[in-house]
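Novice: Okay, handing you the structure first.
Nothing in this text is a laboratory measurement; each read-out follows from the coordinates by a stated rule. Keep in mind that this is a model prediction, so the values were computed, not measured. Glycine gets a Cβ as well: all are built from the backbone with ideal geometry, and neighbour counts include every protein chain shown.
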Amino acid sequence: MNAFLGLLLLPLVAFAQSPHQRVARDIYKELVEINTVTATGDTAKAAEAMAARLRTAGFPADDVRVFSPAPRKGNLVARLRGSGAKKPIMLLAHIDVVEAKREDWSMDPFKLVEQDGYYYGRGTGDDKFMAAAFVASFIRYREEGFRPGRDLILVLETDEETLDSQSVGMRWLVANHRGLIDAEYALNEGGGVALRAGKPYTVGVQTSEKLPAGFTLEVRNAGGHSSLPVKDNAITRLSQGLVKLGAYDFPVKWNETTRAYFTRSAALNEGTRRADMLAVLNDPPDAAALQRLSDVPNLNAQMRTTCVATMLEGGHATNALPQMARATVNCRLLPGDSVDEVQRTLVRVLGDDGIEVKLQGQPKASPASPLRPDVVQAIEKLSGEFWPGAIVLPTMSAGATTGNLLRSVGIPTYGHAGLAGHFEEPSRAHGKDERILVKSFYEGNEYLYRLVKLLAATP
C-alpha cells in the first residue's frame, strides 16, 4: 500500500469503527437478513425488529407504532418529538424488496456479505440502506438528547415495490392514519451520488416522478376461416395503429426540475452535447438539438411524456382469422400532464375508431415538489463537505416511488439518499448480486444523520 492510499483509508477505518457506525451496520445486517420480498416475505417481522430497537433505545411506546394491515405485512411509524416550531419532516424508506432466487445469485441474497469493498444482499441499496440509516440516526439523536425544532417522523413502509391498489404500505397509511404521518415535506429514496472514475460527480435531488399509466388497445371483429382472408384483420389493424404510435413524439415540456437538470448537466458535458442541452431550453427549442437529444433515451424521457407498447396478444387458432387483438401500452406522464389528455392523444394518433383505448386502473397525477431553498441549500452545504466538486442536480425519475403518492396528498417529497455509487456501473437494484460500496454505507449514514439534523435544528 502506498502512503497516499493509506492516508485515504485512515478516515474510513476510524469512521467504520465508531460505535454509531457499528450500530448502523448491525441494524443494516438485521434488515437485509429478514426476507421481505413483497409477495412472499415478512415486512411485519422487519417492522417489529426496528420497533424493538427504538423502544430499547428509550423511545416511548406511544411514539413507536407498528401497523400490520395484512398477514406478514408491516409498517413502522415512529416519532422523535421536537419543539413544534415547525411542521414535521418525514423520513421515509421502504422495507419490502423484489424477489431474489438463491440459484441466480453468487451468494445467499438474504445474508449480508462483505466482499471486495462491497456489501452484497437483496435490498442493500433498494432500500434497506436508508431504512437502517434513519433508524440508526433516530437512536443516535435519542442518545444525544437532540431536540429538533420540529418533530421527525420515521416511516418504514411495506409494498412500495408494487404500488398497486391492493398495496397496504403508504397508500394504506394515507387512507387510515393521515394525521399520524402529516409532514411539511419528506425525504425518500431516488437521488444518489454519482462517482465518475472514483470521483464525486453529481449529487441527485429527485423532486418529481413521471406518472405510470397503462392503456389497453383492443380491436375485435367477426373472424372466420384463414383460407378466406379479409382486409379487416384485427391483428393487422392494431399493428397499423401501433406503428403510428411508435413514430409519435409527445411535445416537449419543461418544469422547474427538468429545466434545472438540463442547465446544470450542460456544465458537465462538452462540445455538441453541451450546446444541445442549452439549445433545447430555448422557446422554441432548437430543432436539430432536440432531434439529437431525443435519440438519447434517458434525456428524451426527461423532456416529454412517453408511451410505448409493451405487450401483445391476439388470435385463437393458427387456421382462423383473429377475432381479437390487444396491446398494452405503458405511458409515463410528466408532472402536470393529464391522464385524460394522454388518452385523447392516443385516440387521435391511432386515428382508427376500430381501436378501443381503455385506461387501466386509476392513476393519480401529482405535482413536482418545489426546489425549496432551505432543502437545496442544506444539501449543497453538506454535500460540499462530503463530496467536494460534485454538482447538486435536481432530477425527475422516469420510474415511480411512493413519493408520487405523497405529493398527490400535499406532502412535497425529495428523493435524496446520500449513497455514492460508480456512475459507470449499471445499477444492480432488483437484479443479481445487488450491492453497495462499504465506504458509501458509512459515509452515507453519517451524511443523512447530519443532513436531517441540519434541516430539523431549532430555527
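Novice: For V205, what residues show an amide H to amide H distance below 5 Å, using hydrogens built from the backbone and excluding near sequence neighbours?
Specialist: When sequence neighbours closer than 5 places are left aside, the close amide H contacts are L393, T395.
Novice: Starting from the exponent 0.38 and prefactor 2.2 Å, build the expected Rg for segment 243-319 from its residue count and divide its actual Cα Rg by it.
Specialist: 1.46
Novice: May I pose another question? Would you work out which of L163, I153, V174 lies farthest towards the positive end of the dipole of segment 61-199, given +1 charges on the beta-carbon of Lys and Arg and -1 on that of Asp and Glu, about the Cα centre?
Specialist: After comparing all options, I get I153.
Novice: Can you give the log10 of the normalised intensity I(q)/I(0) at q = 0.25 Å⁻¹, computed with Debye over equal Cα scatterers of segment 293-348?
Specialist: -1.03
Novice: In µm²/s, what is D for the chain at 10 °C and 1.306 mPa s, where D = kT/(6 pi eta Rh) by Stokes-Einstein and Rh is the Kirkwood radius from Cα pairs?
Specialist: 66 µm²/s
Novice: Any idea what the dipole of the chain comes to, in debye rounded to 20, about its Cα centre with Lys/Arg Cβ at +1 and Asp/Glu Cβ at -1?
Specialist: 660 debye
Novice: In debye, nearest 20: dipole of segment 216-360 around its Cα centre with unit charges on the Cβ of K, R (+) and D, E (-)?
Specialist: For segment 216-360, the charge dipole is close to 140 debye.
Novice: Please report the base-10 log of the normalised intensity I(q)/I(0) for segment 216-360, using a Debye sum with one equal scatterer per alpha carbon and no solvent, at each q in 0.16, 0.17 (1/Å).
Specialist: Debye curve over Cα of segment 216-360, log10 I(q)/I(0) at q = 0.16, 0.17 Å⁻¹: -0.86, -0.92.
Novice: Rounded to whole Å and sorted largest first, list the principal axis extents of the Cα atoms in segment 78-154.
Specialist: So the three principal-axis extents are 52, 22, 15 Å.
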